[in-house]
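Have a look at the structure below, then the notes.
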Amino acid sequence: TVKTGLAVTLALLVAGMRDAATPIYAVIGAIGAMSRTLHDSRLTCLTQFLGILVGCTLAYVFVALLPFYQDPGAIGLGLILIITVCNFFKWDYAISLSCIIFVSLCIDSENILWYASNRFIDTSTGLVIAYMVNALIKPYNNRGAILRELDGFLGAIPDFLRERVAAERYPDPEELAERLRRIEDEIEIYEQQTFPHRKERRGDCVYLRGCFRLAIRIKQEMEALCVMDVPGIPTPESLQRLEAHGIHIPEDGRVSLDQDSQVMNYHLNNLLDAYTYLEEMRKEQGLQ
């Protein structure tokens with residue numbers, strides 16, 4: 001919020017210093033480029049730059065070569081050309097702005113060069129200032145949010161196990177799935193950020209992806225336990241491991257088929273292996 005206000009203020013000051021003809025475009029550029037992450041800021045800058053260049057260039061050629069350039073059919077053909085060019089060069093993110101600028105210039109064709117040059121310069125002013133402010137003043141870093149989500153995921157597992165193994169109920173694993181979706185979204189955002197500390201971030205991304213894969217394995221094993229019709233009986237080794245995580249299973253004389261117990265203990269031990277490994281990874285990271 002503060003960075004957006006600062007970027008707009010600086011853009012207007014710079015535009016005023018050079019007596020800009022269209023300072024509003026500097027403001028639009030600054031607001032557009034002030035995204036949450038630098039990756040989003042770069043994409044906005046590319047969209048604005050290419051949109052202005054493609055739209056103005058093709059509009060100028062259109063007006064210069066076709067006397068009937070304001071005909072609706074001609075404008076429609078021009079848009080087809082713009083979209084084709086953008087798709088060919090994989091500039092799909094610039095299609096909308098290019099089309100808008102093209103149509104506006106064909107409808108009001110006076111001083112195309114003046115409009116194009118001023119819009120490009122003023123927009124570029126806002127884009128560059130906003131990107132610099134976004135990069136130099138507290139760049140977005142969501143590493144802490146990812147780790148908090150991972151720790152929250154770990155903290156929820158004992159209750160799920162207590163519900164399924166001790167109480168023989170069927171907890172809804174959707175809560176775990178929702179946490180995993182949030183973790184994956186945040187990791188993807190983190191991986192897109194290469195500034196600052198690019199080398200350190202690369203190592204962090206490997207660590208976070210490893211933690212995420214373990215969390216997925218835990219959820220998969222939990223789902224396998226939840227689809228069993230007949231609950232099995234934990235082995236003494238499994239009981240000991242559960243006790244270590246504060247999960248007490250009372251001796252209630254439960255009877256189960258050997259096959260069901262084997263399946264249950266297989267998935268339970270896989271889950272506890274992944275859980276223990278993820279827990280150790282988080283503790284080691286906390287000590288570094």
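The values are calculated or read from the model by the stated rules, or taken from the named source; none is laboratory data. From a predicted model like this one, the values you see are computed outputs, not experimental measurements. Note that each Cβ is placed from the backbone with ideal geometry, even for glycine, and that neighbours are counted across all protein chains shown. Heavy atoms of the whole protein, side chains included, go into the accessibility calculation; ligands, DNA and RNA do not. Shrake-Rupley method; radii C 1.70, N 1.55, O 1.52, S 1.80 Å.
Quick notes on this one:
- Members of region 65-93 found to be open to solvent by 70 Å² or more (accessible area, probe 1.4 Å) and farther than 29 Å from residue 128 by Cα, listed by number: 65, 67, 68, 70, 71, 72, 77, 80, 81
- Where residue 121 falls short, out of the listed (1) touching a Lys or Arg at 6+ places or on another chain (Cβ under 7 Å); (2) of a type outside the set (Ser, Thr, Tyr); (3) under 30 Å from residue 29 (Cα atoms): (1)
- Taking each residue of region 19-41 that is closer than 30 Å to residue 143 by Cα and open to solvent by less than 30 Å² (accessible area, probe 1.4 Å) and looking for partners that are modelled with pLDDT under 90 and in a loop (DSSP other than H, G, I, E, B) with beta-carbon atoms closer than 8 Å, six or more apart or interchain, yields 37/140; 37/193; 38/139; 38/140; 38/193; 38/194; 38/195; 41/35.
- Of the residues making up region 74-97, those that are out of contact with any helix residue (DSSP H, G or I) (no Cβ under 8 Å at 6 or more places or on another chain) and either closer than 13 Å to residue 51 by Cβ or assigned to a loop (DSSP other than H, G, I, E, B) (or both) are 89, 90.
- Each residue in region 94-120 was checked for being out of contact with any Phe, Trp or Tyr (no Cβ under 6 Å at 6 or more places or on another chain) and surrounded by 16 or more Cβ atoms within 10 Å (Cβ to Cβ), and 14 of them qualify.
- Residue 115 vs. criteria closer than 30 Å to residue 51 by Cα, more than 21 Å from the chain's Cα centre (by Cα) and either among the aromatic types (Phe, Trp, Tyr) or part of a helix (DSSP H, G or I) (or both): yes
- Within region 59-73, the set of residues being in a helix (DSSP H, G or I) and out of contact with any Phe, Trp or Tyr (no Cβ under 6 Å at 6 or more places or on another chain) comprises 60, 61, 64, 65, 72, 73.
- Residue count, region 195-206 (criterion: exposed (fewer than 14 other Cβ atoms within 10 Å of the Cβ) and assigned to a helix (DSSP H, G or I)): 6
- Candidate set from region 141-194 (those that are among the basic types (Lys, Arg) and assigned to a helix (DSSP H, G or I)); member that is nearest to residue 226 (Cα to Cα): 164
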